[in-house]
1. Checking the conditions here, which among D91, D111 is over 17 Å from the mean Cα position of the chain (by Cα), near the ligand (Cβ under 10 Å from one of its atoms), surrounded by 18 or more Cβ atoms within 10 Å (Cβ to Cβ) and modelled with pLDDT of 95 or more?
2. Can you pull out the residues in the range 95-108 that are in a helix (DSSP H, G or I) and within 9 Å of the ligand (Cβ to nearest atom)?
3. Say we look at the range 79-88 and pick out the residues that are part of a loop (DSSP other than H, G, I, E, B) and near the ligand (Cβ under 9 Å from one of its atoms); which of these is nearest to Y66 (Cα to Cα)?
4. Say we look at the range 63-78 and pick out the residues that are more than 8 Å from the ligand (Cβ to nearest atom) and more than 13 Å from the chain's Cα centre (by Cα); which of these is nearest to K110 (Cα to Cα)?
5. Working only within the range 57-88, note down all residues that are surrounded by 15 or more Cβ atoms within 10 Å (Cβ to Cβ), out of contact with any helix residue (DSSP H, G or I) (no Cβ under 7 Å at 6 or more places or on another chain) and either of a type in the set (G, A, S) or within 14 Å of A120 (Cα to Cα) (or both).
6. Answer with yes or no whether I137 is modelled with pLDDT under 95 and within 11 Å of the ligand (Cβ to nearest atom).
Amino acid sequence: MAADRHTRNIMWMMALVSILATVVALTGEPPKEPKRAQVQKEPLPFDDDVVDGIHLPTGLRAIKNYELAIQHCTACHGTELITNTKLSQKDWLETIRWMQKKQNLWELSKDEKPLIAYLAAAYGQDTTQGRRRTLEIAESDWYVLE
Ligand code: HEC
């Protein structure tokens, strides 16, 4: 029994739709934003400048995740503020929160954890020698120099 004209039309339509769907799926745009994790797996552009474990242009210790400090911590002030400091993870976090609140430091999102781990590893309390811990000053104690 031959399918009538109406049924044949519907079958054609369905075939066309599925072909179209396949074409769209195959030629669809790849996701626009590259995954960060992938970006970071690429060779670091900074490694060429590392001598004796120090990234010369910034003076930062070149251990795991130092590129995050280069990205996030070199825009506003010299790195000697960092390299002269020895803080625990907790106090590094507090310093970052303070800069975010008062100094326009941006959200670090998923870089925050590895960055703080880097700071504590490279400039942590375990390596304390010489410089005292940053004073804890209550919010209300800040004042503007005239
Ligand atoms: C948006 C600007 C900005 C960025 C980016 C920034 N800071 Fe700061 N930071 C400041 C300012 C402003 C001060 C105060 C500078 C001063 O006292 O001369 C400061 C001070 C500091 C101090 C000294 C704090 C103290 O207790 O004396 C440390 C340590 C520090 N920053 C570390 C960092 C680290 C680590 C990063 C990266 C996560 C970073 N900064 C990124 C603005 C910034």
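The values are calculated or read from the model by the stated rules, or taken from the named source; none is laboratory data. Quick caveat, the model's predicted, so the values are computed rather than measured. Positions of Cβ are generated from backbone atoms using ideal geometry, with glycine treated the same way; all protein chains shown enter the neighbour counts.
1. Details: D111 fails: over 17 Å from the mean Cα position of the chain (by Cα).
Checking each option against the conditions leaves just D91.
2. Once the filter is applied, which keeps residues that are in a helix (DSSP H, G or I) and within 9 Å of the ligand (Cβ to nearest atom), the range 95-108 yields T95, I96, W98, M99, Q100, K102.
3. Selected residue: T79.
4. Here the residue is K64.
5. A62, T83, T85
6. So I137 passes the test.
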